[in-house]
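Working notes, beginning with the structure itself.
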Amino acid sequence: MDLMEPFASEVDFSRGVIEPVGDVIQRHLSDMSGMYADADAVDRILSQGDRLIYEVYAADLPEGEGQVLYCTTILYPGRVGEELHMTKGHFHAQRDRAEVYLGLAGEGYLLLQADDGTVRSVPMRSGTAAYVPPHWAHRTVNTGDEPFIFFAAWPGDAGHDYGTIEETGFAKLLVARDGEPTLVDNPKAESMRNRRQTDG
Ligand code: S6P
Ligand code: ZN
């Protein structure tokens, strides 16, 4: 057996940066335009230029059974139409793999969705440890005016399935109504469900 060397990273809670860092992912609005409900708002923003929605700083670790992967996410504040800035969201490819989030700065919601369309929301701020149980898709939403920064750790063999959420979206959207984050039905998810029922 090859023994892996123990190591430590430094996590900057206020900037969200991990050092030393492995992969850095930047997601712009153009990478997730179909995921926001208001297509006109997306077009209006993109016609003025692209927008950075979030960044992920991952510790440089090998994937695979037995490992634990970790990263930080920096989700910038803002809206697309009424909808608050969010991550793409995913199921783990191995659906029974759980995950832990820890809020470091700013505020947001963790949105979770089960296969049958059940949605749950968990408010998060600095110090909130939120648990993503096995079998729940998960996405985060920035509900504040500052970057929402959180740390995540998950099993090294979990993998990511983005396709399911890309296709159907979440059944609920988080929008800003009278300055308050409000969960509303997603019209796009509803029409997708109806279309699937008609086709199938
Ligand atoms: C990984 C974990 C998070 C997200 C990150 C970006 O399992 O859930 O680190 O990857 O918040 O979200 P997404 O949906 O684009 O991967
Ligand atoms: Zn995950």
On the given criteria, is LEU104 open to solvent by less than 20 Å² (accessible area, probe 1.4 Å), over 17 Å from GLY16 (Cα atoms) and not in a loop (DSSP other than H, G, I, E, B)? no
Can you confirm whether region 181-200 contains a residue that is charged (D, E, K, R) and either part of a loop (DSSP other than H, G, I, E, B) or within 16 Å of ligand 2 (Cβ to nearest atom) (or both)? no
Checking ARG79 against (1) in contact with a strand residue (DSSP E or B) (Cβ under 8 Å, 6 or more places away or on another chain); (2) within 28 Å of GLN48 (Cβ to Cβ); (3) within 11 Å of ligand 1 (Cβ to nearest atom), only one condition comes out false. Which one? (3)
Matching residues, region 48-99, being within 11 Å of the chain's Cα centre (by Cα), assigned to a loop (DSSP other than H, G, I, E, B) and within 17 Å of ALA137 (Cβ to Cβ): THR87, LYS88, GLY89
Exactly one condition in (1) surrounded by 10 or more Cβ atoms within 10 Å (Cβ to Cβ); (2) out of contact with any helix residue (DSSP H, G or I) (no Cβ under 8 Å at 6 or more places or on another chain) is not met by TYR36; state its number. (2)
Residues that are in contact with a helix residue (DSSP H, G or I) (Cβ under 9 Å, 6 or more places away or on another chain) and surrounded by 14 or more Cβ atoms within 10 Å (Cβ to Cβ): does region 107-116 have at least one? yes
Give me the pairs: first residue in region 170-181 and over 15 Å from ALA137 (Cβ atoms), second residue open to solvent by 20 Å² or more (accessible area, probe 1.4 Å), beta-carbon distance under 7 Å, and six or more apart or on different chains, which are they? VAL175/GLU82; VAL175/THR182; VAL175/VAL184; ALA176/ARG79; ALA176/GLU82; PRO181/TYR109; PRO181/THR143
State whether one or more residues within region 171-191 are out of contact with any helix residue (DSSP H, G or I) (no Cβ under 9 Å at 6 or more places or on another chain), within 29 Å of GLY66 (Cα to Cα) and modelled with pLDDT of 95 or more. no
Give all pairs with beta carbons closer than 7 Å in which a residue from region 74-96 that is at positive phi and open to solvent by less than 20 Å² (accessible area, probe 1.4 Å) meets a residue that is in a loop (DSSP other than H, G, I, E, B) and at pLDDT below 95; count only pairs at least 6 apart in sequence or on separate chains. none
Say whether the condition of being over 24 Å from TYR101 (Cα atoms) and in a loop (DSSP other than H, G, I, E, B) is met by at least one residue in region 28-47. yes
Within region 155-177, can you find the residues that are surrounded by fewer than 16 Cβ atoms within 10 Å (Cβ to Cβ) and within 11 Å of ligand 2 (Cβ to nearest atom)? GLY159, HIS160, ASP161, TYR162
VAL122 vs. criteria modelled with pLDDT of 95 or more, away from ligand 2 (no atom under 15 Å from the Cβ) and in a strand (DSSP E or B): no
Name, by its number, the condition in (1) in contact with a Lys or Arg (Cβ under 9 Å, 6 or more places away or on another chain); (2) at negative phi; (3) in contact (Cβ under 8 Å) with a residue 24 or more places away in the chain that does not hold for ASP115. (3)
Quick one: PRO123 ticks every box in (1) surrounded by fewer than 18 Cβ atoms within 10 Å (Cβ to Cβ); (2) within 13 Å of ligand 1 (Cβ to nearest atom); (3) under 15 Å from the mean Cα position of the chain (by Cα); (4) not β-branched (Val, Ile, Thr) bar one, so which box is it? (2)
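The values are calculated or read from the model by the stated rules, or taken from the named source; none is laboratory data. The model shown is predicted, which means the values in this text are computed figures rather than measured ones. FYI the Cβ positions are ideal-geometry reconstructions off the backbone, even for glycines, and counts take in every protein chain you see. All accessible areas refer to the heavy atoms of the entire protein, side chains included, with ligands and DNA or RNA removed. Shrake-Rupley method; radii C 1.70, N 1.55, O 1.52, S 1.80 Å.
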